[in-house]
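Written below as structure tokens is the structure these notes are about.
Taken together, the values in this text are just the output of simple stated rules run on the coordinates, not laboratory data. None of the values given here were measured: they were computed from a predicted structure. Reconstructed Cβ throughout: ideal geometry from the backbone, glycine too, with neighbour counts over all protein chains shown.
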Amino acid sequence: MASTAKRLLMLDDESDYDSRCQQLRQENAALLGDFRRWLKKAGLGETTIRSHCSNLDFYLNHFLLYADTLTAADGICYVGEFLGDWFIHKAMWSNKTTVKANAASIKKFYAFMAERGLVKPEELATLKQQTKDELSDWLGAVERYNNPDVDLFEDAWPI
């Protein structure tokens, strides 16, 4: 799993980073609009659509732009890092339910991306397998992190 530090893109200056983030946020807004329509066409209710889009907004516009400027398509490789670590530590609302909800939202989003030819089918298959294989680890990590009886500095962090 690639660490955030390894992904850090050295840009000329802060304004280059800000400009790139602004550009990606605009691209992400267009993608989320298309994703919203795709979910609606699939028959999902407005509350469910709003939840998926909110989850994806956090993933795309916060996590993927946190230490680097990653596109939505490039982000498919970092879902494990997001759900197994970053989300748990950065989202005060992280718990087992929100980890599962974000995993579902992200899988739906990348299915949408694959259908549009924006990610490869093999990348989607890898993401689905990774989610199946690692979800229990992510849930265990969020449970440990939110448990006041666990000393996170003394207890080994397995992820």
| field | Contour minus Cα-Cα distance for Val150 and Asp133 (0.36 nm per residue) | value | 3.7 nm
| query | Looking only at segment 87-112, which residues have a backbone nitrogen under 20 Å from a spot 7 Å from the Cα of Ser54 in the C-beta direction? | reply | 87-110
| field | Stokes-Einstein D in µm²/s, Kirkwood radius over Cα pairs - segment 11-145 at 10 °C with 1.306 mPa s viscosity | value | 104 µm²/s
| query | Rounded if a/c is under 1.5, else prolate if a/b is larger than b/c, else oblate: which is segment 79-152, with a ≥ b ≥ c the root eigenvalues of its Cα gyration tensor? | reply | prolate
| Dipole magnitude of segment 22-95, debye to nearest 20 (Cβ charges: Lys/Arg +1, Asp/Glu -1, about Cα centre) | 400 debye
| message | What is the sum of charges, Lys and Arg at +1 and Asp and Glu at -1, for the other residues whose Cβ falls under 13 Å from the Cβ of Phe35? | response | +4
| field | Gaussian network model of the chain, Cα within-10 Å springs - most flexible of Leu127, Leu64, Leu118 | value | Leu118
| request: Residues in segment 67-108, backbone N under 18 Å from the label point at Ala30 (7 Å along the Cα-to-beta-carbon vector): list them, ranges by number please. | output: 70-75
| query | How large is the charge dipole for segment 11-145, taken about the Cα centre, if only the Cβ atoms of Lys, Arg (+1) and Asp, Glu (-1) carry charge, to the nearest 20 debye? | reply | 960 debye
